[in-house]
1. Please determine, by comparing only the residues of segment 135-148 that are of a type in the set (A, V, I, L, M) and assigned to a helix (DSSP H, G or I), which one is most open to solvent (accessible area, probe 1.4 Å).
2. Checking the conditions here, which among G188, G166, G160 is over 17 Å from F36 (Cβ atoms) and at pLDDT 75 or above?
3. Taking P20 as meeting all but one of (1) outside any helix (DSSP H, G or I); (2) open to solvent by 80 Å² or more (accessible area, probe 1.4 Å); (3) modelled with pLDDT under 75, write down the number of the exception.
Amino acid sequence: MTISLIFSLTIFLFIAAITPGPNNLLLTSSGANVGFKGSLKLMVGIMLGMQCVLLSSAFGVAALLIIYPALHIGLKIVGSAYLLWLAWKTATSSYQRLDIPAKIPQAVSGVQGGLLQFLNPKAWMMGLGAVGSFSLSGDAYFSSVIAISIVMIIVNFVAGVVWILGGTLISLFLQSRRSWFVFNISMGLLTALCVPLIWIE
């Protein structure tokens, strides 16, 4: 892949990764509730899930969604339900003081974050868009998919850190149980509001 193509790929993936969506709302909420270190497992889970979606897109699994429209509808239904469940879990997270040295429970686990990617339209858009627009044909296909994968890892890491740090900074202003309650409810509602995006073609 040429430097200009990699640059264009990086811009495309970074814009897709840094803009608000289910992943970033969950990372912000996690950063506010369990701090930076406590959110790393969720971020790694999301990154691994994104890699699985990318490779599925690159090696034909995503084509099933195009061939069988009923499967696509089913995926949207399951994705909507799962996202609403994550929104509920976020909204009902218990109040925790981050300055107390104790084991703080994770609101959303890394495994749950990874599984979300298979039901996240934004993740499929990134995977399909990157492979469809930036992969090379012929013998260069496999190496171009590896390059796309590496760029996606870097971009998702940077975007994840930004959103976690944002949540961690927000936590500095949440000093009361009531403010935590309002924040978690707000993040849960924003996550739930991502559901209609699943159904917009």
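The values are calculated or read from the model by the stated rules, or taken from the named source; none is laboratory data. Just so we're clear, the structure is a prediction, and the values are computed from it rather than from any experiment. Cβ placement follows ideal geometry from the backbone for every residue including glycine, while neighbour counts extend to all protein chains displayed. Ligands, DNA and RNA are excluded from the accessible area calculation, which covers all protein heavy atoms including side chains. Shrake-Rupley method; radii C 1.70, N 1.55, O 1.52, S 1.80 Å.
1. That would be I146.
2. Only one candidate qualifies: G188.
3. Only one criterion is unmet by P20, namely (3).
Per-residue answers, yes or no, for (1) at pLDDT 80 or above; (2) outside any helix (DSSP H, G or I):
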{"position": "K103", "(1), (2)": "no, yes"}
{"position": "G114", "(1), (2)": "yes, no"}
{"position": "M125", "(1), (2)": "no, no"}
{"position": "S133", "(1), (2)": "no, no"}
{"position": "I150", "(1), (2)": "yes, no"}
{"position": "I153", "(1), (2)": "yes, no"}
